[in-house]
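Please read the structure below before turning to the comments.
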Amino acid sequence: MKKMVMEFADYARAPAVQLMPLDMHQLLNEVMGLYEANSSPITLQLNAVHPRINGDATRLRQVIHNLLHNAHDALKNATNPNIVLHTESNHNTIKLSVLDNGTGFPEQIVSRAFEPYMTTKDKGTGLGLPIVKKIVEEHGGTIMIEKRATGGTCISIIFPLLEEEEVVDNGDQGNTCSG
């Protein structure tokens, strides 16, 4: 109960984001250093041509860590566990996707996954994804959850690129989450 109260307090009074130019690929590589001994392999697919955004590195590390932790938890009973961090840039955005081949979200939970206290974990507080969503929105981004056709979950976050990093739309890059 104490942990739940503390996490809610963090959710309710999180400090304001301190936005500054940062390279999303560099940030992902830094976070990956914390997961070298992870029992679930994590594959980096850094395909964004222009990965620079205005962001708060500390808060975005929290987002990435939370999503990787959730993906790892979902893989507890997977035969060939795998997590993929994928980026792609398109027009004036960068899309970061975290894909796993775990148990996935039950259909009735997907639409409510970002609500406080909604959890599928035995010991979860249900505040991780609401905090992630709040941080993403503070960065001018959007977040969505999809069930993967091959099993598991894909969480995609779309952030605006720095204005000088805007790229020409190179067409439909396909749906990262469908595979």
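None of the figures in this text is laboratory data; all of them are computed from the coordinates on show. The model shown is predicted, which means the values in this text are computed figures rather than measured ones. FYI the Cβ positions are ideal-geometry reconstructions off the backbone, even for glycines, and counts take in every protein chain you see.
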ask   = Around Asn29, what is the net charge, scoring Lys/Arg as +1 and Asp/Glu as -1 over all other residues with Cβ under 15 Å from its Cβ?
value = -1
inquiry  = What distance in nm lies between label points placed 7 Å from Cα along the C-beta direction at Gln18 and Thr150?
reply    = 4.0
note = Among trypsin sites (Lys or Arg not before Pro) in segment 28-68, those in a DSSP loop whose Cβ has at most 10 other Cβ atoms within 10 Å are none
